[in-house]
Amino acid sequence: MSNLRINLEPRSIETCPEPSLPTDIIKAFPQGMLKHQVEVYEVAKTHDIILDLAPTGTGKTKAGLSVLNHNRDRNAAVYIAPTNALIEQQAEAAAEFVRDAGLPHVVRAASARHIKSWRDDLVGKRSGEKLYNVLREPATIFPECGGGRPLLLVTNPDIFYYAAFFQYDPKDRSNLAYVFYSSFATIIFDEFHLYDAKQLVSLFFYLTLSQVFNYFQYDRKIVLLTATPDPACEAALATLAQAGVKIAKVDGESQSEYPTPSQTAVTLEIRQQPDRSKLIGDITDEVVQRLQNNPAHYGAVILDSKDMLNRVSDELRIRGLEKSYGRITGSTPIEQRQQAAQKQVILATSTVDVGFNFERRNAPPRQNLDWLIFSTRDRFAFWQRIGRVGRVLGKSQTDVPSEAIAYLPEQAWEQGIMELDCSSGRAALKQMLASLDCMKRPFLEIYWRSEAFLEIAKPLLELESSLENLPEESLVTQLYQTLQAVFNGKRDWSFYRKRMNILNGAESISRKSIKEIQREWKYIKGGQSCAMSYLRACCPEDYEEIKTGRESFSKIESLIEKNQDIAEDLQTYATILKESYAPLFRFRDSLFENVKIYDPRNLLLDEVGETNLDPIHLLRFYEFEYEFEIDGDRVEVIARAEEPYSLAFSLYVEDLEEFKNTLLCKLYAFENCSIKRTYGDVVRPTPSIIEKQMIPGVIVSETAKNRWAIVRLRKQGLESYPIYVSSYTFPTPKQYTFFPSLSGILAIASAGVALKCPDEEEFYIV
């Protein structure tokens, strides 16, 4: 398949030489204000939600921070940085802006590490307790907030999600959710295009709650910063606008008489992504050639695969170029990132897609990046990455062209990318990428129309409970109905209220000992709902007896209180139910927690040191030594795997036939699961670094009828693994396909197949 070559014309952005803004705000823009920055400030006077859609690298952060001036003396404000690594950086930027603009806010970073460091004797020991007390009385821990100065908290979307969705400790979750709902006069969501389908649910929940509970009437301002909005998000925002939310969109690219260059012309070559070994070799050759032909030019390589990036690093090191490049990945410590950014070539993963400007201490008068090589899985990442090369906003030399090579999925050629009109520049390319299904984000609308409603049922049920018998109680139903319109759902609130009551009961029961369950049964929140669910799934005849009124539930309660075996069975059921749905109630889906590794051979880091690593990545791509130690296990990476390992799960069940009849195509939390490394069909030694009692997901039997669907799901990026299931009576393992964690729900939903849940509810896209 042929490569494509297209010339992307230079870009400019509009300036505003004489803005009619408060003098202090203008002072915070010493290089002058751009039109989109002025417009964001102006429209915020009369709008509730403000979208700044200006291109990457044109000062959206400052534009968002300027909105603080509209609520300068009211309550707290929060800035949600997209990643943990950016919290410190954005807190420093916010503090500088606040100082320059003469705002009264006290800026403080609030990652999990920061919150943990706040003094126990002043704000409590639990993380949720600390956060609640600081938001309620900031001066307790930050004396600068005395006299009523508002706090500007810079945090990450994970903390925001867990607070707003009642996910902290039961002792703190209600208080903390309340202050997150009511306390912030200004909320800034940075780079929200990075949120996946599930993560966007929490964002739109908060936007909708702000409307239904009338926080916008009290002048709440919410700023959304992104250069690449998703069409589904724009449609959801349009629904909110119909519900009465005043929404303004600003892009700053409309032409006027004051343009300034923002990006050079870019000669772009579009290539089909080859197999991994060829891709590594091709990229290495391209980097070497550029270093030889243009030794004064700066460049970068951005790849989605950390392993391939590290193998490019190995190849460059073999060629004696280790001093010419630096690596920036999620594993790179902050201090090493700053050093890597000064190298002539930067090798990076998606870590640099947000908040990283490739700034150099001795910056050239032209662009900081002359060339860029990158891979991309969707058009949103494509435009983010192509926007990194050739940036010249504020530069004195703006006419030096840049170069880029983009590797796209092979499906792009199957779907017609060769029809691109290469003579028509950016507009034609934008239209073409938007038309390619392989460049769209999968699962967004599918998740929104399905289990997203069970996810939002958790905070809704908590709100309903706290507002019971109060005039505001009806707002919960109104909130659900508005969300139903936003996400295009069909089921009513009573359906999800019932399911969430069951899950709340399962969570409560799973946390208690058997004696506590028997002794405190009548006081367990949601216990009766969970017990009825247990009867329906495991004892259908008893369930029908109670449902029809031929038997009372008090008989079941008596059995639970007196019969230890029944209490144990109920707890087992509750634990499986809770763990099965656990992926729905996490902001980021991760199968296992990261492990700390030591890297003495610079396989991951440019300098010897420790970092955290996903154990799946560790098992697939590295040889390592594992030692159990009392003060913390030690994992030392000693070599890169010659070829990546495949991973497979093993599952032992009591009865294979019963497993096939009851647990296939069913969301479930599987016990007795282990993971092994393989080369082909050969199992290789696998150090036991993962300890997890239950692994949620869906196991399917791959057949000729559904094989095409499984292949398609893999191409869309869903993780799946072989799983070998055996039993005492069938010791020879039978192979199935395992979609773990949230991938299981998305897989079945996307394939359009009914998914059974542990409580025997059927899951459909409705």
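The values are calculated or read from the model by the stated rules, or taken from the named source; none is laboratory data. In this text the structure is predicted, and so the values were computed from the model without any measurement. For neighbour counting, all protein chains shown are included, and Cβ atoms are generated from backbone atoms with ideal geometry for every residue, glycine included. These area figures cover heavy atoms from the full protein model, side chains too; ligands, DNA and RNA do not enter into them. Shrake-Rupley method; radii C 1.70, N 1.55, O 1.52, S 1.80 Å.
A compact table of results
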| read-out | value |
| --- | --- |
| ³J(HN,Hα), Karplus 6.51/-1.76/1.60, whole Hz, each residue of segment 525-539, x for Gly, Pro | 5, x, x, 5, 4, 5, 5, 5, 5, 4, 5, 4, 7, 10, 9 |
| Percentage of interatomic Cα-Cα distances in segment 46-155 larger than 20 Å | 43 percent |
| Residues whose placed amide H lies under 5 Å from that of LYS221, excluding near-sequence neighbours | THR186, ILE187 |
| Amide H partners (placed H, <5 Å) of LYS246, local residues excluded | ASP48, ILE49 |
| For segment 122-216, projected area of the alpha-carbon convex hull averaged over all directions, nm² | 6.6 nm² |
| Kirkwood Rh in Å, taken over all unlike Cα pairs in segment 552-686 | 18.8 Å |
| Per residue accessible area of segment 1-143, 1.4 Å probe, in Å² | 44 Å² |
| For segment 282-296 and segment 608-677, distance of Cα centres in Å | 38 Å |
| Evaluated over segment 207-304, the Cα radius of gyration and Dmax, each in Å | 22.5, 62 |
| Charge dipole magnitude, Cβ of K and R +1, D and E -1 - segment 146-294, Cα centre, debye nearest 20 | 580 debye |
| Leading residue at positive end of dipole, segment 669-724 (Cβ point charges), from SER720, TYR679, ALA709 | ALA709 |
| Accessible-area value, LYS734, 1.4 Å probe, nucleic acids and ligands omitted, Å² | 80 Å² |
| Charge tally in the Cβ shell below 14 Å around GLU568, where Lys, Arg are +1 and Asp, Glu are -1, GLU568 excluded | -1 |
| Sequence of MET532, MET418 from largest to smallest accessible area, 1.4 Å probe | MET418, MET532 |
| For segment 204-302, accessible area per residue (1.4 Å probe, heavy atoms of protein chains only), Å² | 40 Å² |
| Electrostatic dipole magnitude of segment 43-172 [Cβ: Lys, Arg +1; Asp, Glu -1; Cα centre; debye, to 20] | 100 debye |
| Reported label for calculated mean projected area of the Cα convex hull in nm² given [x] 30.4; [y] 33.1; [z] 35.5 | [z] |
| Antiparallel bridges, percent of DSSP beta bridges restricted to the chain (to nearest 5) | 45 percent |
| ILE328 long-range amide H proximity, modeled H, under 5 Å | LEU347, ALA348, THR349 |
| Rounded to the nearest 10 Å², the accessible area of ASP100 at probe 1.4 Å | 50 Å² |
| Karplus-derived HN-Hα couplings along segment 600-611 (A = 6.51, B = -1.76, C = 1.60, θ = phi - 60°), whole Hz, x at Gly and Pro | x, 10, 6, 7, 10, 10, 6, 10, 4, x, 10, 7 |
| Solvent accessible area, Å² - PHE670, 1.4 Å probe, full protein context | 10 Å² |
| Under Karplus coefficients 6.51, -1.76 and 1.60, residue-wise ³J(HN,Hα) of segment 390-404 in Hz, glycine/proline x | x, 5, 10, 4, x, 8, 7, 10, 10, 10, 8, x, 10, 10, 8 |
| Test item: Cα-centred dipole of the chain, Lys/Arg +1 and Asp/Glu -1 on Cβ, debye | 940 debye |
| Residue order for ASP569, ASP399, ASP314 - accessible surface, 1.4 angstrom probe, largest first | ASP399, ASP569, ASP314 |
| Accessible surface, segment 457-607, averaged per residue in Å² (probe 1.4 Å) | 50 Å² |
| Residue-span extension gain [GLU419 to ALA434] - 0.36 nm each, minus C-alpha spacing | 4.1 nm |
| Accessible surface of the chain, 1.4 Å probe, proportion on carbon and sulfur as whole % | 46 percent |
